[in-house]
Amino acid sequence: MKKMRRIVALVLTFVLCLSLAACSKGGEKQKLGVTDDLLPRQEIKTEVTVPEDFKIGLICLHDENSTYDNNFIQGLKDAAKGMGLKDDQVIIVTNIGEETACYDAAVDLAKNKGCSIVFADSFGHESFLQQAAKEFPNVQFCHATGVTAKTAGLDNFHNAFAAIYEGRYLAGVAAGIKLNDMIKNGEITAEQAIIGYVGAFTYAEVISGMTSFYLGAKSVCESATMKVRYTGSWYDQAKEQEAATALIEKDGCKLISQHADSLGAPTACELAGVPNVSYNGSTYSAGENTFIVSSAINWAPYFQYIIESVVNGKAIDANWVGTIETNSVVITGINQDVVDGQSTVAELNKVVDQFKAGTLKVFDTSKFTVTVDKDNKVNVNATVDENGHLTAYMADTDGDFAGDAQVVHDGYFDESGADFRSAPYFDIIIDGVTNLNVNFG
């Protein structure tokens with residue numbers, strides 16, 4: 001009887017081991033997660049001693065739930081920490097619309113809160129911030145994505161942006177690598193390498209970003225094309241998710257990116273199992289199976305710059321443009337569960353080296369073609385050669401919605417040049433990109 005029990009026990013143990021092995025073999029693949037950040041945010045360090053009575057105010061269009069606004073909030077907090085500012089020296093006001101509420105908030109920060117610098121983060125804040133700047137000449141007013149500091153005639157009103165088109169291009173390269181893998185694995189054909197893009201508005205900022213992203217993807221996946229749906233809102237999760245879903249289900253898009261501020265598009269991608277490239281920070285937590293990479297502007301260096309300028313009594317540039325070299329363009333880690341991390345990082349580092357060496361221009365006019373359609377008012381400021389390559393472009397660099405500066409030279413479109421304006425002005429729809437709903441329908 002004991003011998004029989006031993007035999008039964010051994011058989012049961014053997015069966016259990018086989019079962020465990022089968023479960024391990026057929027179970028869910030272990031996740032690798034993301035690599036280290038490709039272009040990480042560096043710690044802010046300063047030799048400037050900031051007075052205890054110094055204060056800086058930040059006006060945000062939305063709050064931390066918006067990837068866009070949260071990026072500014074984190075940038076200011078990083079700068080404040082590195083420069084030794086206390087919590088009561090940093091005042092952040094959120095959910096301030098592009099309306100008179102912005103003027104009221106700016107006045108309150110300057111007059112009642114004692115801020116030496118007031119910063120606003122949205123395009124539509126500009127006129128209200130400028131109004132406050134006229135009334136408080138001893139306070140510095142700084143604005144992101146604005147366009148009028150060049151012509152405002154105010155010593156205390158400034159615009160700032162960064163060469164994020166380089167970050168977008170890098171993210172596009174990662175997207176192109178993923179499309180190539182899908183083609184190689186037989187998941188899609190070369191003709192099906194269609195990128196979907198969720199845009200907020202048909203502003204130059206959005207068009208510049210989506211074009212640089214597309215050019216990055218096309219640099220490695222030649223057959224790639226792109227379709228764009230606009231939401232008519234910077235932050236609307238339902239509309240962004242709806243637009244991404246339509247791009248996937250109706251328009252045949254195999255990879256999605258965005259210039260909109262919620263998790264709507266990444267959520268749609270995770271639900272559909274479609275690769276996603278986000279903006280303003282990693283959305284890995286919302287898309288572990290689909291997120292690839294994200295680019296963002298790191299605002300901490302600019303906050304450091306304006307704080308040090310005020311403390312040292314130095315003038316602030318009317319138009320400031322951050323770069324990869326100033327750590328103003330950052331790239332998250334690569335999701336190794338969606339693309340091969342080692343090879344993708346290696347390819348992206350090659351592109352980073354080209355940017356640093358000045359040998360790669362995102363808007364190299366030999367790399368894209370343009371169709372001018374004056375009847376439908378498309379690309380009317382563009383001059384092209386017989387092959388459709390851009391030879392001249394009169395861009396709006398002073399915010400009056402009219403072409404005033406020639407920005408094509410030496411074979412490329414000179415985007416976000418401090419000599420012109422810091423905010424993007426590339427508003428050309430290049431061949432290969434299709435706008436599906438410019439009226440936000």
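For the reader, a short list of remarks on this structure follows.
- For the chain, the longest principal axis of the alpha carbon atoms and the long axis of helix 237-249 meet at an angle near 60°.
- Region 355-398: C-alpha gyration tensor shape, a/c 1.5 cut-off, then a/b vs b/c: oblate
- Over region 191-231, the hull volume per residue, using the convex hull of the C-alpha atoms, is 49 Å³.
- The modelled label-to-label distance for the pair Lys374/Glu43, using points 7 Å beyond Cα in the direction of Cβ, is 6.0 nm.
- With bins 20 Å wide beginning at 0, the percent of Cα pairs of the chain falling in each bin runs 25, 53, 17, 5, 1, 0.
- Summarising the label geometry, the points placed 7 Å from Cα in the beta-carbon direction at Lys81 and Thr383 lie 5.1 nm from one another.
- Separation of alpha-carbon centers, region 98-140 and region 367-421, rounded to whole Å: 33
- Gaussian network model of the chain, Cα within-10 Å springs - most flexible of Asp373, Asp414, Asp69: Asp373
- In order along region 286-297, the phi-based Karplus estimate (6.51 cos²θ - 1.76 cosθ + 1.60, θ = phi - 60°) of 3J(HN,Hα) comes to 9, x, 4, 9, 10, 4, 10, 6, 9, 10, 7, 8 Hz; Gly and Pro are listed as x.
- Candidates Thr267, Thr49, Thr290, ranked by Gaussian network fluctuation over the chain, Cα under 10 Å, top entry: Thr49
- Angle between the chain longest axis and helix 164-184 axis [Cα atoms, degrees, rounded to 10]: 20
- Where Rh is the Kirkwood radius over Cα pairs, Rg/Rh for region 117-260: 1.12
- Eligible lysines near Lys239 by straight Cα distance, threshold 20 Å, same-chain separation 8 or greater: Lys227, Lys250, Lys254
- When the alpha-carbon atoms of region 311-441 are used, the pair Rg, Dmax equals 18.2, 54 angstrom.
- Cβ-Cβ FRET estimate between Lys314 and Asp340, R0 fixed at 51 Å, reported to 0.05: 0.60
- Orientation-averaged projected area, Cα convex hull of region 192-265 (nm²): 4.3
- Taking a ≥ b ≥ c as the square roots of the eigenvalues of the alpha carbon gyration tensor, region 68-193 is prolate, as a/c is not under 1.5 and a/b beats b/c.
- Mean projected area of the Cα convex hull of region 328-403, taken over all directions, amounts to 8.4 nm².
- Cα-Cα pairs of region 278-338 separated by more than 20 Å (percent): 43
- The mean sequence distance of close C-alpha pairs (under 8 Å, at least 6 residues apart), as a share of the length of region 225-335, puts its relative contact order at 19 percent.
- Efficiency of FRET from Cβ geometry, Asn95 and Asn437, R₀ 30 Å, rounded to 0.05: 0.65
- Most fluctuating residue given options Ala132, Ala101, Ala162, as computed from a GNM of the chain linking Cα atoms under 10 Å: Ala101
Every number in this text was worked out from the coordinates using simple rules, so none of it is lab data. This structure is a prediction, so every number in the text was calculated from the model and none was measured. With ideal geometry, Cβ positions are generated from the backbone for all residues, glycine too; neighbour counts draw on all protein chains shown.
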